[in-house]
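What follows is a set of notes on a single structure, which appears directly below.
The values are calculated or read from the model by the stated rules, or taken from the named source; none is laboratory data. In this text, all values refer to a predicted model and were calculated from it rather than measured experimentally. Because the Cβ atoms are built from the backbone with ideal geometry, glycine has one as well, and the counts that use them run over all protein chains shown.
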């Protein structure tokens, strides 16, 4: 299948409403029927504000977080429209990719 890999970049302590941005993004995607979402915590990064963001021994709120998903073109359009409607303020990258599943599912 051809589509997009979209990665959102945020920090542990950023919120949209009462939820952490990375949690909120996953919930929005799931509500749209999007599956295959991965959240990864980074050691440090430089944000669009030009500041160094990192996990500190006492405070983890500034720790970088990435939310990555593989989307069909339609899923991507639907997700982006929803995020615009919700006035999300989050940086992202969008890269054309080919994706799929190899092999058979594990026995249940």
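Here residue 57 does not qualify as closer than 14 Å to residue 35 by Cα, modelled with pLDDT under 95 and more than 12 Å from the chain's Cα centre (by Cα).
If the condition is being surrounded by fewer than 19 Cβ atoms within 10 Å (Cβ to Cβ), on the phi < 0 side of the Ramachandran plot and over 12 Å from the mean Cα position of the chain (by Cα), then the stretch 15-34 contributes 15, 18, 19, 31, 32.
Taking the criterion of being exposed (fewer than 10 other Cβ atoms within 10 Å of the Cβ), within 16 Å of residue 7 (Cα to Cα) and at pLDDT below 95, no residue of the stretch 78-108 qualifies. Scoring residue 8 on the criteria (1) out of contact with any helix residue (DSSP H, G or I) (no Cβ under 6 Å at 6 or more places or on another chain); (2) in a strand (DSSP E or B) leaves a single failure, condition (1). Against the definition (more than 19 Å from residue 100 (Cβ to Cβ), at pLDDT 95 or above and out of contact with any strand residue (DSSP E or B) (no Cβ under 7 Å at 6 or more places or on another chain)), how does residue 23 come out, yes or no? In short, yes. How many residues are under 10 Å from residue 25 (Cα atoms) and not in a loop (DSSP other than H, G, I, E, B) when one looks only at the stretch 69-90? Total meeting the criteria: 2. Would you check if there is a residue in the stretch 30-45 being touching a helix residue (DSSP H, G or I) at 6+ places or on another chain (Cβ under 6 Å) and in contact (Cβ under 8 Å) with a residue 40 or more places away in the chain? Among the residues of the stretch 30-45, at least one is touching a helix residue (DSSP H, G or I) at 6+ places or on another chain (Cβ under 6 Å) and in contact (Cβ under 8 Å) with a residue 40 or more places away in the chain, which makes the answer yes.
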